[in-house]
Amino acid sequence: MTSLTESLPRKSRLTALLDHFAQVEDPRDVRRILHPLPEVLLLVVCGAIADCDDYEDIAAWGAAHLDFLRQHLPFEHGVPGERW
């Protein structure tokens, strides 16, 4: 007999990570948010995995890989720059 978890399709690790990001509370003023927190978190995680050392490098990596990022989240306003 198979358990319920064995019969359900398994989420990809990226989907699971994005689900966790969606649950993180965002303390920023809603009226001033241009880049949703899940987009910022995905960018930072991907940049860190890509061995970026600071946010300027992460922003540059994000700009160079915007098509990849948009496969997972909208990034309607592009990636946040290093000043964000």
>> If I go through the range 1-21 residue by residue, how many of them are surrounded by fewer than 12 Cβ atoms within 10 Å (Cβ to Cβ) and modelled with pLDDT of 85 or more?
In response: 6
>> So the check is Cβ under 9 Å with 6+ separation or different chains; which pairs have a first residue in the range 2-19 that's of a type in the set (Val, Ile, Thr) and a second one that's surrounded by 10 or more Cβ atoms within 10 Å (Cβ to Cβ) and modelled with pLDDT of 80 or more?
In response: Thr15/His72
> Within the range 12-25, how many residues turn out to be β-branched (Val, Ile, Thr) and either part of a loop (DSSP other than H, G, I, E, B) or touching a strand residue (DSSP E or B) at 6+ places or on another chain (Cβ under 8 Å) (or both)?
Replying inline: 1
> If you go through the range 11-56 one residue at a time, how many are charged (D, E, K, R) and touching a Lys or Arg at 6+ places or on another chain (Cβ under 8 Å)?
Replying inline: 1
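The values are calculated or read from the model by the stated rules, or taken from the named source; none is laboratory data. Keep in mind it's a predicted model, so treat the numbers as computed, not measured. Because the Cβ atoms are built from the backbone with ideal geometry, glycine has one as well, and the counts that use them run over all protein chains shown.
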